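Can you read through this structure? Questions will come right after.
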Amino acid sequence: MTKFLLTRLRQSLITLILVSIVVFAGIRALPGDPALALAGEERSPEALAAIREAYGLNDNIVVQYGRFIGHALTGDLGTSSRTGLPVSQAIGQALPVTLELAALSLLLAIVIGIGAGVIAAVRRGKPEEWLANAIALVGLSIPTFWLGIVLVLGFAIAVPVFSASGYVPFGTDPLDNLRRMVLPSIVLGSGLAAVVMRQTRGAMLDSLSADYVRTARAKGLSRRAVVGGHALRNSLVTVVTVLGLQLGHLISGAVVTEQIFVLPGFGKLTIDAVFTRDYATLQAVVLCTSAAYILINLLVDVVYSVIDPRIRLGGAK
Amino acid sequence: MAVALVSLVSGCTSLQSSATEVGGVRKTDERPVRDGGTLTVALNSDPDKLDPSLAQTLVGRTVFAGMCEKLYDIDENGTLVPQLATSLPEISADGLTVTLPIRKGAKFSDGTPLDAAAVVTSLLRHRDLPGSARATELGPVKKAVAVGSSTVRITLDHPYTPLTGVLADRAGMVMSPTALKKYGKDFTNHPSCVGAFRFVERVGGDRIVLEKDPNYYAADKVHLDKIVYKPISDGNVRLANLRSGDVQIGDQMGPVDVQSALTEPNLQLFNSPSLGFQGIGVNVGNVNGLGEKPGKIDTPLASDVRVREAFDLAIDRDLLNTVVFQGMYEPACGPISPQSGIAPGVKPEDCPKRDVAKAKQLLKEAGVKLPVKVELKTSTTPEQGRVGQVLQAMVKEAGFELSLRPTEYTTMISETDEGDYDIFTSGWSGRLDPDGNVSNFLKTAGAMNAYGIGDPDLDKLIDEGRSISDPARRTEIYDEITKRVQDDHSMIYLYRQKNYVVASKDVAGIRVFGDGLVRVTNAGYIR
């Protein structure tokens with residue numbers, strides 16, 4: 001297990017370094033001068049020159065990259081060229097928001113997706129399966145932006161149960177926090193729930209027709225033990241893989257959701273940074289997101305090596 | 001109708017009408033308010049640095065309006081009035097010495113007293129700080145000294161009439177010298193000025209929080225406890241938040257959102273005409289980039305003024321306003337707003353009318369090959385896209401084949417500054433003094449002259465407009481400048497935006513003036 005972990009960690013680190021180079025170069029390949037974005041409406045040549053000087057934009061890209069990595073290793077992610085605030089502070093403020101949003105959406109997707117998937121598989125050919133499939137199809141097809149606006153109109157304006165925007169930390173006011181987070185979590189989680197449901201249903205159907213399930217049934221185990229203990233456990237390997245891959249989509253989906261619900265998370269930070277060519281913020285955000293993505297993949301590998309030890313053995317060879 | 005509405009507004013103190021009037025002007029709501037409460041203002045983007053020397057954005061100015069007073073301000077008629085100064089400046093006969101009397105007894109939010117020395121410190125910082133966005137505006141300031149504790153004397157390199165207008169914007173904001181000393185470059189995270197509200201915290205991308213400042217000299221007239229500014233870039237989302245009551249004021253609302261807001265009984269509308277302009281810039285000589293000597297461009301539009309005139313004549317400004325902006329903006333044909341308190345410009349009804357027959361005739365005289373192909377660079381907003389499409393249809397009838405190239409804003413600015421375009425949508429939020437709408441754009445190698453205009457006679461007029469103080473003569477000069485630009489058609493002015501602000505109906509005392517800022521100093525919830 002240790003050897004497997006070390007190998008995967010090393011691979012992850014190399015990936016992260018490569019990503020940082022690509023991100024750094026990619027951001028600088030964006031058309032549009034950051035000094036111009038920063039100077040805004042009033043752009044005198046003197047102000048532009050001073051901005052370029054202040055943010056080291058005149059140095060060559062290798063020097064800029066070296067400086068960035070050097071500082072990043074000491075935990076200094078730079079200063080936002082737009083707001084003048086430290087980037088680490090912005091990330092520190094945005095991270096809990098996105099993490100909470102992702103966690104709630106994931107929870108929603110797991111509970112609803114796995115539940116509906118199991119029901120659809122067990123009740124194959126019955127109206128329950130048809131209903132679950134139809135809901136999943138709708139969940140997959142509805143654009144996030146549209147669903148968000150509809151939910152706001154319905155549950156924040158017509159019947160004001162939830163809040164239309166903003167973020168209050170859970171620690172400050174748990175109730176208000178949930179009032180603001182429920183709608184975005186539904187928006188973000190709905191697509192994922194649909195994917196999870198379809199995966200669970202498919203995997204469960206395979207498992208339920210497998211020999212070991214037939215054996216379990218023949219031994220006279222309860223229906224609950226057969227479905228939950230045998231079929232579902234074996235189906236989860238596929239579902240966890242899909243969840244891991246979908247977590248990446250969750251992060252990108254957060255970009256849109258956070259815009260609709262004005263949540264000050266990673267997505268909003270990224271969009272604002274792109275439009276203002278805020279290099280320091282943008283590269284830090286993309287790098288952190290990549291690191292999270294890599295970490296999630298690593299965790300997925302670990303989790304399914306726990307669920308199915310054959311995978312670990314294969315990886316350690 | 002408009003006149004009736006204006007008189008209704010000015011003559012009536014209890015304006016309880018809802019968001020029902022469009023086309024009129026409504027800048028204030030003077031219903032009595034109670035003390036206390038928090039007001040949340042939705043801005044259309046996140047402000048940049050909260051440092052008056054470095055700040056560049058319009059939304060930033062709105063936040064400053066809550067916490068940083070200026071030496072001068074404007075009133076609802078666009079006239080300059082004293083704020084931290086006590087009267088308009090005294091200017092010597094040669095125009096080179098300007099004396100400002102400073103308010104006594106005022107304090108900064110950190111408790112430091114306001115005095116002439118503090119004003120001098122701020123003025124010199126605005127002028128000299130590396131990267132200062134105020135450096136150009138205050139360029140002619142040679143010296144500033146404190147004469148006693150409440151008089152500032154400024155010596156200029158040459159007569160500079162726009163100075164008072166400049167001091168009614170960020171260059172006139174006075175920062176606490178104690179905070180400047182303590183925080184230096186980090187002042188942006190700890191701004192301290194004289195204002196009704198003081199800075200509490202900023203969460204980037206989410207909110208800027210201000211609270212009532214007990215040190216403010218007119219604290220008894222401030223009603224609210226707190227102001228929260230929230231950036232919400234999407235107009236739809238801004239409106240949804242107004243409807244749900246999560247925010248009480250929506251700044252910079254687009255015509256479509258305003259139309260939706262009109263159906264809402266709990267919302268009210270404020271608006272004021274802007275001092276800026278929107279139009280089409282033609283590349284007539286920008287071959288080497290911004291600030292460089294204009295060169296020759298060999299396209300029919302760039303090389304022949306008759307072709308540009310034909311393009312201009314093919315445009316129906318009224319129709320453009322009706323189709324794209326539901327008639328909620330104002331047609332325009334010059335750089336200076338008719339609302340300007342100084343040297344007002346051309347009224348919308350005096351703009352040239354569409355004349356396709358004459359446009360065709362001009363193209364024939366110019367002997368160009370038809371259709372004349374032109375590419376229009378626009379930003380990627382839906383509104384700009386529609387402006388492009390309407391223009392496309394209009395100029396086609398005269399013999400132009402207009403293609404559109406929507407380009408993300410910063411990229412567009414980069415490309416147009418470099419001269420990489422035929423024509424592009426060019427706009428400006430406007431300044432109080434007409435010089436602010438003219439010199440940077442139209443002067444040879446001006447800081448924003450992306451058109452490549454190079455006309456020595458125009459330069460001379462612009463310089464004269466900046467240096468003389470006689471208002472009548474200035475009006476003549478800016479009329480002459482407007483006429484020259486109109487005849488040259490290098491910059492084709494199309495319309496002026498209006499500042500639309502939608503507010504919850506139980507909020508009163510906000511003020512929306514021509515500079516586009518929402519003033520909340522005296523705002524509050526109605527009794």
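The values are calculated or read from the model by the stated rules, or taken from the named source; none is laboratory data. None of these values were measured; they are calculated from a predicted model. In this analysis, Cβ positions are derived from the backbone assuming ideal geometry, glycine residues included, and neighbour counts consider all displayed protein chains. Ligands, DNA and RNA are excluded from the accessible area calculation, which covers all protein heavy atoms including side chains. Shrake-Rupley method; radii C 1.70, N 1.55, O 1.52, S 1.80 Å.
Given the options B:Leu167, B:Leu180, name the one that is within 26 Å of the chain's Cα centre (by Cα), modelled with pLDDT of 95 or more, away from chain A (no Cβ under 14 Å) and closer than 28 Å to B:Leu123 by Cα.
So the residue among B:Leu167, B:Leu180 that is within 26 Å of the chain's Cα centre (by Cα), modelled with pLDDT of 95 or more, away from chain A (no Cβ under 14 Å) and closer than 28 Å to B:Leu123 by Cα is B:Leu167.
I'd like to verify a number: residues in the range A:256-282 that are open to solvent by 40 Å² or more (accessible area, probe 1.4 Å), aliphatic (A, V, I, L, M) and under 30 Å from A:Leu57 (Cβ atoms), how many?
2
Do we have any residue at all in the range B:468-481 that's surrounded by fewer than 16 Cβ atoms within 10 Å (Cβ to Cβ), more than 30 Å from B:Phe197 (Cβ to Cβ) and of a type in the set (Ser, Thr, Tyr)?
Yes, some residue in the range B:468-481 is surrounded by fewer than 16 Cβ atoms within 10 Å (Cβ to Cβ), more than 30 Å from B:Phe197 (Cβ to Cβ) and of a type in the set (Ser, Thr, Tyr).
Another question, then. Please determine whether any residue of the range A:293-313 is open to solvent by 40 Å² or more (accessible area, probe 1.4 Å), within 13 Å of another protein chain (Cβ to nearest Cβ) and either farther than 26 Å from B:Ala240 by Cβ or part of a helix (DSSP H, G or I) (or both).
Restricting attention to the range A:293-313, the residues satisfying the condition of being open to solvent by 40 Å² or more (accessible area, probe 1.4 Å) are A:293, A:295, A:297, A:299, A:303-304, A:306-307, A:309-313.
Still in the running and within 13 Å of another protein chain (Cβ to nearest Cβ): none.
The answer is no, given that none of the residues of the range A:293-313 is open to solvent by 40 Å² or more (accessible area, probe 1.4 Å), within 13 Å of another protein chain (Cβ to nearest Cβ) and either farther than 26 Å from B:Ala240 by Cβ or part of a helix (DSSP H, G or I) (or both).
Residue by residue, here is whether (1) away from every other protein chain (no Cβ under 11 Å); (2) without any contact (Cβ under 8 Å) to a residue 60 or more places away in the chain holds:
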{"site": "A:Ala116", "(1), (2)": "yes, no"}
{"site": "A:Ile119", "(1), (2)": "yes, yes"}
{"site": "A:Ser141", "(1), (2)": "yes, yes"}
{"site": "A:Val152", "(1), (2)": "no, no"}
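Filter the range B:145-172 for residues that are open to solvent by less than 10 Å² (accessible area, probe 1.4 Å) and assigned to a strand (DSSP E or B); which is farthest from B:Gly436 (Cα to Cα)?
B:Val152
Check A:Ser207 against each of (1) open to solvent by 20 Å² or more (accessible area, probe 1.4 Å); (2) part of a helix (DSSP H, G or I) and name the one condition it does not meet.
Answer for A:Ser207: the failing condition is (1).
Any idea how many residues of the range B:62-99 are farther than 17 Å from B:Val120 by Cα, charged (D, E, K, R) and loosely packed, with under 15 Cβ neighbours inside 10 Å?
Adding up the residues that qualify gives 2.
Follow-up. Is it the case that A:Arg198 is basic (Lys, Arg) and away from every other protein chain (no Cβ under 14 Å)? Step through it out loud before you land on a result.
Details: basic (Lys, Arg): yes; away from every other protein chain (no Cβ under 14 Å): yes.
Answer is yes for this residue.
Among the residues of the range B:100-117, which ones are in contact with a Leu (Cβ under 9 Å, 6 or more places away or on another chain) and open to solvent by less than 50 Å² (accessible area, probe 1.4 Å)?
Of all residues in the range B:100-117, those in contact with a Leu (Cβ under 9 Å, 6 or more places away or on another chain) come to B:100, B:102-108, B:114, B:116.
Scanning the range B:100-117 gives B:Leu100, B:Ile102, B:Ala106, B:Phe108, B:Leu114, B:Ala116.
Scan the range B:358-394 for residues that are open to solvent by less than 20 Å² (accessible area, probe 1.4 Å) and within 19 Å of B:Phe325 (Cα to Cα) and jot them down. Let's see the steps before the verdict.
Going through the range B:358-394, the residues open to solvent by less than 20 Å² (accessible area, probe 1.4 Å) turn out to be B:359, B:362-363, B:372, B:374, B:376-379, B:387-388, B:391, B:394.
Result: B:Thr378, B:Ser379, B:Val387, B:Gly388, B:Leu391, B:Met394.
Could you tell me which numbered condition B:Glu397 fails, if it satisfies all but one of (1) touching a residue at least 40 places away in the same chain (Cβ under 8 Å); (2) open to solvent by 10 Å² or more (accessible area, probe 1.4 Å); (3) within 14 Å of another protein chain (Cβ to nearest Cβ)?
Only one criterion is unmet by B:Glu397, namely (3).
Moving to a separate point now. Please count how many residues of the range B:37-74 are part of a loop (DSSP other than H, G, I, E, B), more than 10 Å from chain A (Cβ to nearest Cβ) and either among the polar types (S, T, N, Q) or touching a Gly at 6+ places or on another chain (Cβ under 8 Å) (or both). Before you say what the answer is, go through the steps one by one.
If we filter the range B:37-74 for residues that are part of a loop (DSSP other than H, G, I, E, B), which is where we start, we get B:37, B:44-57, B:68-69, B:71.
Right, trim to more than 10 Å from chain A (Cβ to nearest Cβ) and you get B:37, B:44, B:52-53, B:68-69, B:71.
Right, trim to either among the polar types (S, T, N, Q) or touching a Gly at 6+ places or on another chain (Cβ under 8 Å) (or both) and you get B:37, B:44, B:53, B:68-69, B:71.
Residues in the range B:37-74 being part of a loop (DSSP other than H, G, I, E, B), more than 10 Å from chain A (Cβ to nearest Cβ) and either among the polar types (S, T, N, Q) or touching a Gly at 6+ places or on another chain (Cβ under 8 Å) (or both): 6 in total.
Assuming B:Ile297 fulfils every condition listed in (1) outside any loop (DSSP other than H, G, I, E, B); (2) surrounded by fewer than 24 Cβ atoms within 10 Å (Cβ to Cβ); (3) out of contact with any Leu (no Cβ under 6 Å at 6 or more places or on another chain) apart from one, which condition is it?
Result: B:Ile297 passes all but (1).
Criterion first (more than 22 Å from A:Ala47 (Cα to Cα) and modelled with pLDDT under 90) does B:Pro471 satisfy it? Lay out the reasoning, then the answer.
Working: more than 22 Å from A:Ala47 (Cα to Cα): yes; modelled with pLDDT under 90: yes.
Against the criterion (more than 22 Å from A:Ala47 (Cα to Cα) and modelled with pLDDT under 90), B:Pro471 qualifies.
Can you work out which of the residues in the range B:420-432 that are modelled with pLDDT under 90 and within 14 Å of chain A (Cβ to nearest Cβ) is farthest from B:Leu402 (Cα to Cα)?
Step one: filter the range B:420-432 for residues modelled with pLDDT under 90, giving B:429-432.
After this cut, where a residue has to be within 14 Å of chain A (Cβ to nearest Cβ) as well, the list is B:429-431.
Working: B:Ser429: 26, B:Gly430: 28, B:Arg431: 32 Å.
That would be B:Arg431.
Determine whether A:Arg180 is among the basic types (Lys, Arg) and buried (at least 20 other Cβ atoms within 10 Å of the Cβ). Lay out the reasoning, then the answer.
Details: among the basic types (Lys, Arg): yes; buried (at least 20 other Cβ atoms within 10 Å of the Cβ): yes.
Answer is yes for this residue.
A further question on this structure: Working only within the range A:38-56, note down all residues that are outside any helix (DSSP H, G or I), open to solvent by 30 Å² or more (accessible area, probe 1.4 Å) and either in contact with a strand residue (DSSP E or B) (Cβ under 6 Å, 6 or more places away or on another chain) or at the interface with another protein chain (Cβ under 7 Å from one of its Cβ atoms) (or both).
Let us first name the residues in the range A:38-56 that are outside any helix (DSSP H, G or I), namely A:40-44, A:55-56.
Checking which are open to solvent by 30 Å² or more (accessible area, probe 1.4 Å) leaves us with A:41, A:55.
Answer for the range A:38-56, where residues must be outside any helix (DSSP H, G or I), open to solvent by 30 Å² or more (accessible area, probe 1.4 Å) and either in contact with a strand residue (DSSP E or B) (Cβ under 6 Å, 6 or more places away or on another chain) or at the interface with another protein chain (Cβ under 7 Å from one of its Cβ atoms) (or both): just A:Glu41.
With respect to A:Arg10, is the statement that it is over 20 Å from A:Ser80 (Cα atoms) and either exposed (fewer than 14 other Cβ atoms within 10 Å of the Cβ) or more than 13 Å from chain B (Cβ to nearest Cβ) (or both) true? Before you say what the answer is, go through the steps one by one.
On the way: over 20 Å from A:Ser80 (Cα atoms): yes; either exposed (fewer than 14 other Cβ atoms within 10 Å of the Cβ) or more than 13 Å from chain B (Cβ to nearest Cβ) (or both): yes.
Here the answer is yes, as A:Arg10 does meet what is asked.
Next question, about the same structure. When the range A:72-103 is examined, which residues are found to be away from chain B (no Cβ under 12 Å) and within 27 Å of B:Pro191 (Cα to Cα)?
A:Gly75, A:Asp76, A:Leu77, A:Gly78, A:Leu95
Any chance the range B:218-234 includes a residue that's closer than 19 Å to B:Gln497 by Cα and touching a residue at least 12 places away in the same chain (Cβ under 8 Å)?
In the first step, residues of the range B:218-234 are kept if they are closer than 19 Å to B:Gln497 by Cα; the result is B:233-234.
Checking the rest, the ones that are also touching a residue at least 12 places away in the same chain (Cβ under 8 Å) come to B:233.
Checked the range B:218-234: at least one residue is closer than 19 Å to B:Gln497 by Cα and touching a residue at least 12 places away in the same chain (Cβ under 8 Å).
Would you mention how many residues in the range B:214-270 are within 14 Å of chain A (Cβ to nearest Cβ), assigned to a loop (DSSP other than H, G, I, E, B) and open to solvent by less than 10 Å² (accessible area, probe 1.4 Å)?
So the count comes out to 2.
Taking the stated definitions as given, is B:Leu210 out of contact with any helix residue (DSSP H, G or I) (no Cβ under 9 Å at 6 or more places or on another chain), among the hydrophobic types (A, V, I, L, M, F, W, C) and surrounded by 24 or more Cβ atoms within 10 Å (Cβ to Cβ)? Don't jump to the end; show me each part of the working.
On the way: out of contact with any helix residue (DSSP H, G or I) (no Cβ under 9 Å at 6 or more places or on another chain): no; among the hydrophobic types (A, V, I, L, M, F, W, C): yes; surrounded by 24 or more Cβ atoms within 10 Å (Cβ to Cβ): yes.
The answer is no for B:Leu210.
Can you say whether B:Ile413 is touching a Leu at 6+ places or on another chain (Cβ under 7 Å), without any contact (Cβ under 8 Å) to a residue 12 or more places away in the chain and within 24 Å of B:Pro300 (Cα to Cα), as far as the supplied structure shows? Please lay out each step first, then the result.
Values: touching a Leu at 6+ places or on another chain (Cβ under 7 Å): yes; without any contact (Cβ under 8 Å) to a residue 12 or more places away in the chain: yes; within 24 Å of B:Pro300 (Cα to Cα): yes.
Considered against the rule, which asks whether it is touching a Leu at 6+ places or on another chain (Cβ under 7 Å), without any contact (Cβ under 8 Å) to a residue 12 or more places away in the chain and within 24 Å of B:Pro300 (Cα to Cα), B:Ile413 comes out as yes.
Could you check, for the range B:38-48, whether at least one of its residues is open to solvent by 30 Å² or more (accessible area, probe 1.4 Å), closer than 21 Å to B:Asp251 by Cβ and in contact with a helix residue (DSSP H, G or I) (Cβ under 7 Å, 6 or more places away or on another chain)? Outline the logic, then answer.
From the range B:38-48, those open to solvent by 30 Å² or more (accessible area, probe 1.4 Å) are B:38, B:44-45; that's our starting set.
Now drop any that are not closer than 21 Å to B:Asp251 by Cβ, which leaves B:38, B:44-45.
If we keep only those that are in contact with a helix residue (DSSP H, G or I) (Cβ under 7 Å, 6 or more places away or on another chain) as well, we get B:44-45.
Yes: one or more hits.
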